Amino acid sequence: MNTTKKKAVAQLLILTLLICMNCAGQAVKKKGGVVVAKPETMEEVLLKIRKEYARINADSGHMRVVKENLEGQSTEGGKITKYYDGDTLRKAILVFYGETGKTVIEYYFFNRQLFFSFERNTWYDKPMSVKGAKVTKEEENRLYFDKQKLVRWANKKGKLIDKDLYADKEKDLFEVMKVVRP
């Protein structure tokens, strides 16, 4: 075998070895004769969510913005701001006003599905319209979704909320989201 052929065979063997090594780290299971990819870990899911969240916020200045008033949704009214990439809704910010408080809910979408929501509730010591109203309490929630299911819920300090509460929270969020996509 001449030198050129030996080099080609060696390169082919090295390439095959590299491909096999790469595939070895990607565990697959057989389920009923069907090959199923390894499920993503929670950290992988959260990393994807955080990257898409950052991308949407970075691109929001280039998106089409639609603003509307929300009537009959809260005691003092509200508003919604929707961000579209072409015809695709990517982000919606809802603001609900009460006499002595305000709720802001941000929804983030990928492939037309909710993947993240951020909520901030603020309470004041007197009606917001009164000069000198001061914040008495603030509450924040970060809600992470995978395939339309709530998979993680953390408060302002990053403390995880009890999973027993997820079903009700998920139901409430999707109910409010009807305002975004009636």
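The values are calculated or read from the model by the stated rules, or taken from the named source; none is laboratory data. On a predicted model such as this, the values are computed, not experimentally measured, just so you know. Here the Cβ is made from the backbone with ideal geometry for all residues, glycine too, and neighbour counts use every protein chain on show.
Tabulated results
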item	result
Test: residue in the stretch 55-62 that is farther than 27 Å from residue 150 by Cα and at pLDDT 90 or above	yes
Wholly enclosed strands (runs of 3 or more DSSP E) of the stretch 77-116 bearing at least 3 residues among the aliphatic types (A, V, I, L, M)	88-98
Residue list for the stretch 63-93, restricted to those being in contact with a helix residue (DSSP H, G or I) (Cβ under 9 Å, 6 or more places away or on another chain) and either more than 19 Å from residue 121 (Cβ to Cβ) or modelled with pLDDT of 95 or more (or both)	63, 83, 85, 90, 91, 92
Single condition residue 99 does not satisfy, out of (1) among the acidic types (Asp, Glu); (2) over 24 Å from residue 40 (Cα atoms); (3) exposed (fewer than 12 other Cβ atoms within 10 Å of the Cβ)	(3)
Answer residue from the stretch 114-126, given it is buried (at least 17 other Cβ atoms within 10 Å of the Cβ) and under 19 Å from residue 49 (Cα atoms) and is farthest from the chain's Cα centre (by Cα) among those	119
Search result, residues across the stretch 156-180 that are at pLDDT below 90 and either surrounded by 11 or more Cβ atoms within 10 Å (Cβ to Cβ) or assigned to a helix (DSSP H, G or I) (or both)	173, 174, 175, 176, 177, 179, 180
Unique match (being at pLDDT below 95, over 30 Å from residue 129 (Cβ atoms) and either out of contact with any Pro (no Cβ under 6 Å at 6 or more places or on another chain) or in a strand (DSSP E or B) (or both)) among 30, 51	30
Residue tally, condition within 25 Å of residue 52 (Cβ to Cβ) and either part of a strand (DSSP E or B) or touching a Gly at 6+ places or on another chain (Cβ under 8 Å) (or both), over the stretch 127-155	15
Qualifying residue in the stretch 127-141 (condition: modelled with pLDDT of 95 or more, surrounded by 11 or more Cβ atoms within 10 Å (Cβ to Cβ) and within 16 Å of the chain's Cα centre (by Cα))	yes
